[in-house]
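J.: I am attaching a structure below and will ask some questions about it afterwards.
We did not get these values from a lab; they are worked out from the coordinates using the rules stated. Being a predicted model, the structure only gives us computed values, none of them experimental. For neighbour counting, all protein chains shown are included, and Cβ atoms are generated from backbone atoms with ideal geometry for every residue, glycine included.
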Amino acid sequence: RVGSESMTGRFAPTPSGRMHVGNVYAMLAAWLSARARGRRMLLRIEDVDKPRVLPGADRLMMDDLTWLGLDWNGGPVYQSSAERQSRYAYALECLRSAVYPCFCSRADIRAASAPNEGDGFTIYPGTCRHVFEENPETVSGRVTRGDRHSLRIVMPDVSDSNAAVCFDDAVFGWQSFNLPREVGDSVVRRADGLFGYQLVVVVDDLDMGVDDIVRGRDLLRSTALQIWIRQCLLAGGFVPERPASGDAACETSRETFCETPRETDAGAAVSPVQPQYAHLPLINNAVGRRLAKRERSLDMGALRARGVRPEQIIGYCAWLLRLRSSPVPCRAADLLDGFSWTGLRNDHADRELNPADPNTP
Ligand code: GLU
């Protein structure tokens, strides 16, 4: 692949609590993916959703990452910073013709939608989009009156050739999502005025030149949405602050849409290189629920207080990532040589952690 030596990875933790083993496993995977190939690694604190932020959690995360031997380049980027907020506002400007106001409450949407599949997605039934298309003056009247509303980005129609988004995931293989059927018009600015998570991740990754994205498999469907948002932003004239560098920046994202590869002629918009994705199996607790930051016994504070060594945690996570055949202690740097996704690709069932198991740190 063109320009892979100039690629950039990132840690993107949400500072909603102390990291647990599942978070460390994701951070280690992202770090190895970037560092094993000599890439830059950036740190972004995903604090856009202010109500979820726990004060001080960012400092503890950085301290834990350093203690674990996982380093990054430059200072952390905070989504809540004035600089980032003005970039998100600029991005929304670029999306002007692709969004519409939505006045529905969560309850309205729940009542009108099919049940979601556990990754938090509720496919919006398009109620306000129809009003916007049929009675735009009613909608602008409500906006002028100050009625509370979010902004949603429009998905292509089912019959459009770009309705399906595809990407080749390093762990889960070829993925294809039908945007109108499996994603639906999605919130890019919330009714409380905060920028939507799905928008800011795309803007940040574009601005930071990130093209190596490693995260949990619960975000597979979000990836399809983020690829679409990215295309809409670039089509709307969005200029990244730091596009993915080198030759890679001139490569069009050929794999994005299943049926219509984008033209490469001079008239067509040239986009920054399509990121590479690796989604990871989820880590569940002993009763099959995804580990949450409130699960104190496996959080970094508890582990460090119990005297657990960083090598034990890294070795355990390396085993979860199928980089080692057993959870023997090792340093992160020991895993760089020969790092590959093959073991995980061959065994990508969700993992179950049992704190009673003597191997669990
Ligand atoms: N902030 C997200 C999390 O902590 C990660 C999002 C991403 O990697 O894109 O789960």
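J.: How high is the FRET efficiency between residue 80 and residue 103 when r is their beta carbon distance and R₀ equals 35 Å, given to the nearest 0.05?
T.: Once the sixth-power term is evaluated, E becomes 0.85.
J.: So how much slack lies between residue 127 and residue 292, counting 0.36 nm per residue of separation and subtracting their Cα-Cα distance, in nm?
T.: Numbers: separation 165, 0.36 × 165 = 59.40 nm, distance 3.37 nm.
That pair, residue 127 and residue 292, stretches by 56.0 nm at full extension.
J.: Just to be sure I understand: of the beta bridges DSSP finds with both ends in the chain, what percent are antiparallel, rounded to 5?
T.: Looking only at bridges with both residues in the chain, the antiparallel portion is about 55 percent.
J.: For the range 1-119, what relative contact order do you get, as a whole percent, if you take Cα pairs closer than 8 Å and at least 6 residues apart?
T.: Contact order relative to length: 26 percent.
J.: Right, next: 7 Å from Cα along Cα→Cβ at both residue 36 and residue 90: what's the point-to-point distance in nm?
T.: 3.5
J.: Applying a 10 Å radius around every beta-carbon, put 132-141, 76-85 in order of their mean neighbour count, most first. Working shown, then result.
T.: On the way: 132-141: 12.4, 76-85: 15.9.
The densest-packed peptide leads the list: 76-85, 132-141.
J.: May I ask you to compute the full-extension gain from residue 326 to residue 112, defined as 0.36 nm times their residue separation minus their alpha-carbon distance, rounded to one decimal in nm?
T.: 72.2 nm
J.: What is the dipole size for the chain, taken about its Cα centre, with +1 at each Lys and Arg Cβ and -1 at each Asp and Glu Cβ, in debye to the nearest 20?
T.: Approximately 1140 debye in magnitude.
J.: Could you tell me how far the Cα centroid of the range 69-108 sits from the Cα centroid of the range 1-61, in Å?
T.: Centre-to-centre (Cα) distance: 17 Å.
J.: Sort 317, 128, 104 so that the residue with the fewest other Cβ atoms within 10 Å of its own Cβ comes first and the one with the most comes last.
T.: Ranked by crowding around the Cβ, least crowded first: 104, 128, 317.
J.: Report the net charge of residues surrounding residue 321, where surrounding means a beta-carbon distance below 12 angstrom and charges are Lys +1, Arg +1, Asp -1, Glu -1.
T.: Its environment carries a net charge of +3.
J.: On to the next question. Quick one: Karplus J couplings for the range 218-230, per residue in order, coefficients 6.51, -1.76, 1.60, θ = phi - 60°, nearest Hz, x for Gly and Pro?
T.: For the range 218-230, the Karplus curve yields 5, 9, 4, 5, 4, 4, 4, 5, 5, 5, 5, 4, 4 Hz.
J.: Which value in nm describes the separation of the simple spin-label points at residue 168 and residue 308, placed 7 Å from the Cα toward the beta carbon?
T.: 3.7
J.: When 67, 341 are ordered from fewest to most other Cβ atoms inside 10 Å of their Cβ, what list results? Could you put the intermediate results ahead of the total?
T.: Numbers: 67 13, 341 20.
Going from sparsest to densest Cβ surroundings: 67, 341.
J.: Once you place label points 7 Å from the Cα toward the Cβ at residue 67 and residue 52, how far apart are they in nm?
T.: If labels sit at residue 67 and residue 52, their model points lie 2.4 nm apart.
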